[in-house]
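The values are calculated or read from the model by the stated rules, or taken from the named source; none is laboratory data. In this text, all values refer to a predicted model and were calculated from it rather than measured experimentally. Heads up, the Cβs are rebuilt from the backbone with ideal geometry, glycines too, and the neighbour counts pull from every protein chain shown. Protein only, heavy atoms only, side chains kept; ligands, DNA and RNA dropped before computing areas. Shrake-Rupley method; radii C 1.70, N 1.55, O 1.52, S 1.80 Å.
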Amino acid sequence: MTTAAASAPDQDRTRFRVLGAISFSHFLNDMLQSLLLATYPLLKGNYQLSFAEIGLMTLTYQCTASLLQPLVGLYTDKKPMPYSLVLGMGATLCGLLLLSSAGSFPLLLLAAALVGTGSSVFHPESSRVARMASGGRPGLAQSIFQVGGNAGSASGPLLAALIVIPLGQGSIAWFGLAALLAMAVLFKIGQWYSHQQRKAKAAAAVTPPPLSPARVKLTLFALLVLLFSKYFYTASITSYFTFYLIQHFGLGVQAAQLHLFLFLLAVALGTIFGGPIGDAIGRKRVIWFSILGIAPLTLILPYVNLFWTSVLSLGIGFVLASAFPAIIIYAQELLPGRVGMVSGMFYGFAFGIGGIGAAVLGQLADSHGIEFVYRLCAFLPLLGLVAALLPDLRGDKV
């Protein structure tokens, strides 16, 4: 009796140490992932690669990093693997070591595939850990988890510029130490995960919301459209905002990079606050506001001066970033018991659409100009109207 009574509040408590550890691991994982892409100029020169071969490396990486994620999640939903996170980071480690010493282009492709595989294993299972540690505050947990990834993605190119470019391709091997650190942290997380999994076997199954299969599929489609809108527009900022500022306002490279840094900072803050706000007022309201609500800002952005461009970009970054935690948790509540599959599908789709968006917008910028890209992308948030298709789930604020 006493043991049972004591375990209930223990399970309901938000495990901030676990969330901090999984967020730190997310930081290391995404830092190492972005490091691969940031070394392309160096690899191109060392191996005399064509742009087509660079594109093939990106395709190899994205196929393993995006397409495998829902399959990994689907498998681990049925057969949880607490220590798979360690194995996934081990694949990333092998990829980095191979990347640092590859003697041919096929080995570079294999290295890219290994790094992408590590990401595919990491995201579905780590998202499950974040939900397990949430203590009934899944939005907050998802925000803490995601902000680590945002910081890691921003750090990879910076570390490549400071270390890899000056010291050469062999210095990539030193980043294996970061992978080893992540493996140590993930091993401890795996121990906690395994313990929680044993306790969860006795827990009552969570029943899905009372929606027909057709309505569930329609809702998933609407969520993917919302993700498309968010990540296609985000690609226009992260990939081409500096070029837009340089061409449109005549800024120097350093000043333009500072504006991009401020946008990424706003994205990090929006990620932090998006989850807790969704816990408080409901995921559907956050999704409505974060996607459709920025439409007025994006529509006037191409026509204002530098000061208001800076202000609007900060608002867009903050509000738009708040959507992803809410979308992930909403999808997990739509399909309870499929946390891994849902996380893998949405992380994989987000990653893939961001890469496709950057490539498509680059082609448009070459053919029609960078200013045309921003006038066109301004209409993307209007796709947020599909949020009207989202039903109110049990437990969500109406």
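In the list PHE241, PHE228, PHE249, PHE232, which residue meets the criterion of being modelled with pLDDT of 85 or more, farther than 16 Å from ILE328 by Cβ and in contact with a helix residue (DSSP H, G or I) (Cβ under 6 Å, 6 or more places away or on another chain)? Talk me through it step by step, then tell me what you get.
Values: PHE241 fails: modelled with pLDDT of 85 or more; PHE228 fails: farther than 16 Å from ILE328 by Cβ; PHE232 fails: modelled with pLDDT of 85 or more.
Selected residue: PHE249, the only one of PHE241, PHE228, PHE249, PHE232 that is modelled with pLDDT of 85 or more, farther than 16 Å from ILE328 by Cβ and in contact with a helix residue (DSSP H, G or I) (Cβ under 6 Å, 6 or more places away or on another chain).
Within segment 32-63, track down each residue that is at pLDDT 80 or above and among the β-branched types (Val, Ile, Thr).
THR39, THR60
Can you name every residue in segment 241-270 that is in contact (Cβ under 8 Å) with a residue 60 or more places away in the chain and open to solvent by less than 40 Å² (accessible area, probe 1.4 Å)?
PHE241, TYR244, LEU245, VAL267, ALA268
Just to be sure I understand, how many residues within segment 18-40 are free of Cβ contacts under 8 Å to residues at least 40 places away in the same chain and open to solvent by less than 20 Å² (accessible area, probe 1.4 Å)?
Total meeting the criteria: 0.
Given LEU43, LEU109, which one is over 26 Å from MET341 (Cβ atoms) and open to solvent by less than 10 Å² (accessible area, probe 1.4 Å)? Talk me through it step by step, then tell me what you get.
Details: LEU109 fails: open to solvent by less than 10 Å² (accessible area, probe 1.4 Å).
Checking each option against the conditions leaves just LEU43.
Taking helices (runs of 4 or more DSSP H) that fall entirely within segment 290-398, which contain at least 1 residues that are touching a Cys at 6+ places or on another chain (Cβ under 8 Å) and not hydrophobic (A, V, I, L, M, F, W, C)?
The qualifying helices (runs of 4 or more DSSP H) are 295-300.
Quick check on SER367: is it free of Cβ contacts under 8 Å to residues at least 60 places away in the same chain, surrounded by 20 or more Cβ atoms within 10 Å (Cβ to Cβ) and not aliphatic (A, V, I, L, M)? Walk me through it before giving the result.
Numbers: free of Cβ contacts under 8 Å to residues at least 60 places away in the same chain: yes; surrounded by 20 or more Cβ atoms within 10 Å (Cβ to Cβ): no; not aliphatic (A, V, I, L, M): yes.
Judged against the criteria, SER367 is not a match.
Restricting attention to segment 90-112, which residues are out of contact with any Ser or Thr (no Cβ under 8 Å at 6 or more places or on another chain), more than 19 Å from LEU42 (Cβ to Cβ) and aliphatic (A, V, I, L, M)?
Hit for segment 90-112 is LEU93, nothing else.
For segment 209-218, state whether one or more residues are buried (at least 18 other Cβ atoms within 10 Å of the Cβ), in a helix (DSSP H, G or I) and hydrophobic (A, V, I, L, M, F, W, C).
Within segment 209-218, none of the residues are buried (at least 18 other Cβ atoms within 10 Å of the Cβ), in a helix (DSSP H, G or I) and hydrophobic (A, V, I, L, M, F, W, C).
Please give the number of the condition ALA91 fails out of (1) among the aliphatic types (A, V, I, L, M); (2) assigned to a helix (DSSP H, G or I); (3) surrounded by fewer than 19 Cβ atoms within 10 Å (Cβ to Cβ).
The one condition ALA91 does not meet is (3).
Taking THR76, is it under 25 Å from GLY149 (Cβ atoms), open to solvent by less than 40 Å² (accessible area, probe 1.4 Å), among the β-branched types (Val, Ile, Thr) and modelled with pLDDT under 85?
Taking the combined requirement at face value, the residue satisfies it.
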